[in-house]
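Peer 1: First the structure, which I've put down as structure tokens, then a few questions once you've had a look.
The values are calculated or read from the model by the stated rules, or taken from the named source; none is laboratory data. These numbers come from a predicted model, not from an experiment. No Cβ is skipped: glycine too gets one built from the backbone with ideal geometry, and neighbour counts run over all protein chains shown.
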Amino acid sequence: MAKNPLGPLRDLALFLREGEDLQAHLRELAELAAGATEAAACSVMLLSEGDEDAPRLKLWCASQDLPAPAWERTPGRGEGIAGRVLDSGQPLLIADIARSEYAPLAHGREELGASFICAPVVVGRHVIGVINLSNRAGAPPFGADDLRLAEIVAALIGKSVQVERLQTLIRSRVAHLSLAQQERQVVARLTDGSVPPARLAKLLAKSFFRDLSAAGFEPGQIIEAASEIIGLVSSDIRRFKQRKARGQR
């Protein structure tokens, strides 16, 4: 009897609905997405770098441990399988990746099945990332139903990312001031959740600089303020590494 996918899919939907901080639970998100699609492995890549005309993806979460190079890759449009889906905006179902044109692009699949799905994560009309799914070794290849299920999971993730980004804007007073200074079209892109966090951070940094300059602060004083921010970030990274080290003992 075929397994009913609605149970795991419901678990994923409830997790995304209740989760207030996705960044703290990314591994769990990837594992739930893999369970909802009965995949052996799941990873999610989101736009995080690059310009408007040349966006680049970066690995956001994965259900399995991946080597460091996987986290460092930033494919752009047309680069690799994920880059091709980013460029076309259309999902890709590969029944047997070893016998397909994408064989040279497949890496580290020794313990996985031959079938692969890459579906776009969309917010509004904007592709903000992709979800990658690999089937289990010895299992039948993914089919049309699996692809539709993957698109549902990608849509849930897209909406959750959108909500998280909007909540970030709502909580930030600096963001409120920055939005007030932007043109209507820019504000629409910012508030629909489709702007990558790296670009949003740059916009806020420019606004921060302009506001300090307009308030009469000298360049040296602005540099001191930026140094204070860097110090706070470094301290936060150290605390995160310490918590992670304690959790691994």
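Peer 1: State all residues of the range 73-108 that are closer than 25 Å to His126 by Cβ, assigned to a helix (DSSP H, G or I) and out of contact with any helix residue (DSSP H, G or I) (no Cβ under 6 Å at 6 or more places or on another chain); if no residue qualifies, say none.
Peer 2: Ala82, Gly83, Arg84, Val85, Leu86, Asp87, Ser88
Peer 1: I'd like to check something: does the range 93-100 contain any residue that is surrounded by 19 or more Cβ atoms within 10 Å (Cβ to Cβ), over 17 Å from the mean Cα position of the chain (by Cα) and not small (Gly, Ala, Ser)? If you could, list the steps in order and put the result at the bottom.
Peer 2: Keep residues of the range 93-100 that are surrounded by 19 or more Cβ atoms within 10 Å (Cβ to Cβ), which gives 94, 97.
Pick out the ones that are also over 17 Å from the mean Cα position of the chain (by Cα) and you get 94, 97.
If we keep only those that are not small (Gly, Ala, Ser) too, we end up with 94, 97.
The answer is yes, given that some residue of the range 93-100 is surrounded by 19 or more Cβ atoms within 10 Å (Cβ to Cβ), over 17 Å from the mean Cα position of the chain (by Cα) and not small (Gly, Ala, Ser).
Peer 1: Going by what's in this entry, would Ala95 be described as in the same structural domain as Leu149 (by TED's automatic domain parsing) and touching a His at 6+ places or on another chain (Cβ under 9 Å)? Let's see the steps before the verdict.
Peer 2: Values: in the same structural domain as Leu149 (by TED's automatic domain parsing): yes; touching a His at 6+ places or on another chain (Cβ under 9 Å): no.
So Ala95 does not fit the description; no.
Peer 1: Which helices (runs of 4 or more DSSP H) does the range 161-248 wholly contain that include 1 or more residues that are modelled with pLDDT of 60 or more and either surrounded by 13 or more Cβ atoms within 10 Å (Cβ to Cβ) or out of contact with any strand residue (DSSP E or B) (no Cβ under 8 Å at 6 or more places or on another chain) (or both)?
Peer 2: 197-214, 219-247
Peer 1: OK, next. Out of Ala150, Ala144, Ala106, I need the residue that is without any contact (Cβ under 8 Å) to a residue 40 or more places away in the chain and out of contact with any Lys or Arg (no Cβ under 9 Å at 6 or more places or on another chain). Which one? Give the derivation first.
Peer 2: Details: Ala150 fails: without any contact (Cβ under 8 Å) to a residue 40 or more places away in the chain; Ala144 fails: without any contact (Cβ under 8 Å) to a residue 40 or more places away in the chain.
None of the other options fit; the residue is Ala106.
Peer 1: Looking for something in a helix (DSSP H, G or I) and out of contact with any Pro (no Cβ under 8 Å at 6 or more places or on another chain) - is there at least one such residue anywhere in the range 136-144? Reasoning before the result, please.
Peer 2: Looking only at the range 136-144, we keep the residues that are in a helix (DSSP H, G or I), and these are 144.
Right, trim to out of contact with any Pro (no Cβ under 8 Å at 6 or more places or on another chain) and you get 144.
Yes, that holds for at least one residue.
Peer 1: Looking at the range 12-33, is at least one residue at pLDDT 90 or above and in contact with a helix residue (DSSP H, G or I) (Cβ under 6 Å, 6 or more places away or on another chain)?
Peer 2: There is at least one residue in the range 12-33 that is at pLDDT 90 or above and in contact with a helix residue (DSSP H, G or I) (Cβ under 6 Å, 6 or more places away or on another chain).
Peer 1: Please find, among Gly76, Gly50, the residue that is modelled with pLDDT of 90 or more and more than 26 Å from Asp11 (Cβ to Cβ). Walk me through how you get there before you give the answer.
Peer 2: Numbers: Gly50 fails: modelled with pLDDT of 90 or more.
Among Gly76, Gly50, only Gly76 is modelled with pLDDT of 90 or more and more than 26 Å from Asp11 (Cβ to Cβ).
Peer 1: Right, another one. Look at Ser48 and say whether it is within 16 Å of the chain's Cα centre (by Cα), surrounded by fewer than 20 Cβ atoms within 10 Å (Cβ to Cβ) and among the polar types (S, T, N, Q).
Peer 2: yes
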